[in-house]
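Undergrad: Before I ask anything, here is the structure I am working with.
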Amino acid sequence: MTSLAFGAWPSPITVDDVLGSALGLTEVRTDGAAVLWLEVRPTENGRNTIMQLSPGASGATGAVELSPDLDVRTRLGEYGGGAWAADGGVVVACDDRTRRLWLRRGTAWAPLTAPDPDLRYGDLRLHLDRNLLLAVQEDHRGPGEPVTRVVAFDLPDSGSSELVVPRVLVEGSDFYADPQLSADGVLAWCQWQHPNMPWDHTEIFTAPLDEHTRAVGEPTLVSEGASAVHPRWTPAGLMYVSDRSGYWNWLLDAPGGTRSISRTLHDHEVPQWTLGNQTWAAWPPSHPRVVVGTRYRNGQAELVACGLEEHSETVIPVPDLAAVESLAGNDDAIWAVLEYTTRPTEVVRVDPGSGALTTIARAGAAPDPANVSLPQNVSTNGDHGRVQAWFYPPHLPGVRPVDGDLPPLVVLSHGGPTGMAHPSWSPKLQYWTSRGFAVVDVNYGGSTGFGRDYRNRLKDNWGIVDVDDCRAVVEHLVGQGLVDPARVAITGGSAGGYTTLQSLVTTDVYTAGVSRYGIGDLAMLASDTHKFESRYLDGLVGPWPEQQQVYAERSPILHVDRLATPMLILQGTEDKVVPPAQAESMAHAVKAAGQPVALVMFEGEGHGFRGLDARRRALLAEHGFYDQLWALGSPEELPALAWL
């Protein structure tokens, strides 16, 4: 064992490992006995493509790519989702390159619609027995906000090159999601209105759909007054998720009335930022007996099976499980995209009877488990109640700290802010722990996974509760003697960057801050953003412009005189959300306070760094900032920052 100071450990994890070629895996689907999923390829500029494991094939070597010439992605709602669907061997997909829908029969793709960048489609549902494609449409052709609708396409005859246009089924609400058609022709969908977000209040409706005229009959309201999402038709009735109990639980609407399937006081769902995905399924689909999906207990994801009749929840053991990204079922098995604490994401087959897991695709090579810093579930009392976080201690085999030394701490504030920090494997996080840093990822009040009350702590309190909770976690770790109070940094990007900046102007527990395109002006965010989030701040801060004084009080850009903490500010020159002038103003304020500050501008980058070179420079700049500020003595060659 070698004794080395924290922050100066010789890590085997390189920048290339962090920025490497691990795949993204998401949106698992079934089509009869075939299993399909979406694969995101960073080495192809993030191109999305559909993979299929045919019946009888096994493992990643048996999977074939179905869409080599498409980038299967939609920009509906800006966050997209549900850009493809499969049924009976036929596949339909949105192509981000040509901005049109494509249809695959056999092995050949053909355009289904004319290219039109002003018409976006997502949440696709294919019903081959009715020659029908359902979709959510977002129409940007008119003035003002884009119009969202549920639409239907009649598929052309096989061999036809005819392009199709949709017919409108449902319109009039601000947002739609999850169009679903039952075997006997009843349409179900979810909708909501400004200023609500889908995790606030939604409605689920059903209505008969005429098989020949495609006319929609009189709608019936199934659920209101709660966050009810993801309606799915099953032979047992209409299943969906609702938090009417205070937690997202599975419900069944059947002829005898609506009843709860899961009855535990735990969330069984994640916020609907994207369309078309789901983390639960009724199994087996032909005659469901159980619902298999995710349950969160104190921040920890569990894969559970819940009986439709007895309501008991049984945990399906999954070693090192961090999150269930998506899940689907056929009569053979459950298929899931699982995230782990110790290795990259996998697509797996789950035997609901035995719980046996079989991996069929991997996002990347698994690291040596001995080199992994394992997350520790910590909680503490804050000003607003109990706070949960994931703590990662420094870890590198063969190295021990110098006696009496305590590690520097990097505090992560997740984005959203309606989101959740999962303890999922992250090469970037391990980059820090293997160099002798401690890291903590905070699920501040407002995070999901803990029920509606926890989520609503942030209502009208963004910039207060999140800041207080991050501070409480830092004080807890310092009080436990786990980290050095003189070397504590907070970092975040976008919404997480807002928490970072607000923390730096309202608290004194941090000795460094790193802002990556952090939001500093709430008024600008409220008045200049896309439709999905255009009224988001009504619930987080207050109605705009009626509460503009509150917006001013909580906008860090208007309180730069309070910035007295050394900072690294990473900013894109083409950012339309956070103008570069704001970053420059913050940097000069820190300098005026007599504190070290470095401003790194990334030419051509917008709100979020996408280029490989930009992401490399940003990581090395952050490492160099800590090393120079705290005199860590890193053995690596790091860029010398140009202090203002």
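Undergrad: Straight-line reach from LYS531: which lysines have a Cα under 27 Å away, not including same-chain ones fewer than 8 places off?
TA: Cα-Cα hits under 27 Å: LYS459, LYS576.
Undergrad: What Kirkwood Rh does the stretch 320-468 have if only Cα atoms enter the pairwise 1/r average? Answer in Å.
TA: 17.3
Undergrad: Can I ask one more? Give the separation of the Cα centroids, the stretch 456-474 to the stretch 222-294, in Å.
TA: Distance between centres, Cα-based: 30 Å.
Undergrad: Put one equal scatterer on each alpha carbon of the stretch 421-521, apply the Debye formula with no solvent term, and list log10 I(q)/I(0) at q = 0.13, 0.15, 0.20 1/Å to two decimals.
TA: -0.48, -0.65, -1.15
Undergrad: Just to compare against my own numbers: the Cα pair-distance distribution for the stretch 468-619, 10 Å bins, whole % per bin, please.
TA: Calculated P(r), rounded to whole percents: 11, 39, 34, 15, 1.
Undergrad: Turning to a different aspect of this structure: Can you tell me the length gained on complete extension of the stretch ALA642 to SER286, counting 0.36 nm per residue apart and subtracting the Cα distance?
TA: Length difference between fully extended and current span is 121.7 nm.
Undergrad: Pop out the carbon and sulfur fraction of the accessible area of the stretch 207-263 as a percent, whole number, probe 1.4 Å.
TA: 49
Undergrad: With the crude spin-label approximation of a point 7 Å out along Cα→Cβ, what separation in nm comes out for ARG386 versus ASP157?
TA: 6.5
Undergrad: Taking the Cα-to-Cβ direction at ALA592 and at THR107 and moving 7 Å from each Cα, how far apart do the two end points lie in nm?
TA: 6.8
Undergrad: Which aspartates and glutamates, if any, have their Cα less than 12 Å from the Cα of LYS591, not counting same-chain residues under 8 positions apart?
TA: Qualifying aspartates and glutamates at Cα under 12 Å: ASP561.
Undergrad: Just to confirm a number: summing +1 for Lys and Arg and -1 for Asp and Glu over residues other than SER173 whose beta-carbon lies under 11 angstrom from that of SER173, what do you get?
TA: Its environment carries a net charge of -2.
Undergrad: Now, a different point. Between ALA34 and ARG562, what is the label-point separation in nm under the 7 Å Cα-to-beta-carbon projection?
TA: It works out to 5.7 nm between the two label points.
Undergrad: Okay, next question. Evaluate the charge dipole of the chain about its Cα centre and quote only its size in Debye, nearest 20, assuming +1 on the Cβ of each Lys and Arg and -1 on the Cβ of each Asp and Glu.
TA: Dipole magnitude for the chain comes out near 540 debye.
Undergrad: Could you compute the net charge surrounding GLY80? Neighbours are other residues with a C-beta less than 12 Å from the C-beta of GLY80; K and R count +1, D and E count -1.
TA: Summing Lys/Arg as +1 and Asp/Glu as -1 gives -3.
Undergrad: For the Cα atoms of the chain, what angle does the longest principal axis make with the long axis of helix 495-506, in degrees from 0 to 90, nearest 10?
TA: 30
Undergrad: Among the DSSP beta bridges whose two residues both lie in the chain, what percent are antiparallel, rounded to the nearest 5?
TA: Percent antiparallel among DSSP bridges in the chain is about 80.
Undergrad: Separate question: Just how much of THR274 is accessible, in Å², when a 1.4 Å probe is used and the result is rounded to the nearest 10?
TA: Approximately 60 Å² for this residue.
Undergrad: Still on this structure, I have one more. As an exercise, take the mean of 1/r over every pair of distinct alpha carbons in the chain, invert it, and state the Kirkwood radius in angstroms.
TA: 25.8
Undergrad: Further question on the same structure: Calculate one ³J(HN,Hα) per residue across the stretch 628-635 by plugging θ = phi - 60° into the Karplus curve 6.51 cos²θ - 1.76 cosθ + 1.60, and present them in order as whole Hz with x for glycine and proline.
TA: Ordered by residue, 3J(HN,Hα) equals 6, 5, 9, 6, 6, x, 4, x Hz.
Undergrad: Starting from the residue with the highest accessible area, list MET524, MET586 in decreasing order, probe 1.4 Å.
TA: MET524, MET586
Undergrad: In addition: So how much slack lies between GLU574 and ARG610, counting 0.36 nm per residue of separation and subtracting their Cα-Cα distance, in nm?
TA: Working it through step by step, the gained length comes to 11.7 nm.
Undergrad: Using a Förster distance of 30 angstrom, determine the FRET efficiency expected from the C-beta separation of ASP116 and ALA207, and round it to 0.05.
TA: That gives a FRET efficiency of 0.60.
Undergrad: Which ³J(HN,Hα) values in Hz, rounded to whole numbers, follow from the phi angles of the stretch 245-253 under the Karplus curve 6.51 cos²θ - 1.76 cosθ + 1.60, where θ = phi - 60° and Gly and Pro get x?
TA: Whole-Hz 3J(HN,Hα) from phi for the stretch 245-253: 7, x, 9, 5, 10, 7, 10, 10, 9.
Undergrad: Going 7 Å from the Cα of THR529 in the Cα-to-Cβ direction, what parts of the stretch 445-471 have a backbone nitrogen less than 17 Å from that spot?
TA: 446-448, 456-467
The values are calculated or read from the model by the stated rules, or taken from the named source; none is laboratory data. Note that the structure is predicted; figures quoted are calculated from it, not measured. We place every Cβ from the backbone using ideal geometry, glycine too, and count neighbours over all the protein chains shown. With ligands, DNA and RNA removed, areas are computed over all heavy atoms of the protein, side chains included. Shrake-Rupley method; radii C 1.70, N 1.55, O 1.52, S 1.80 Å.
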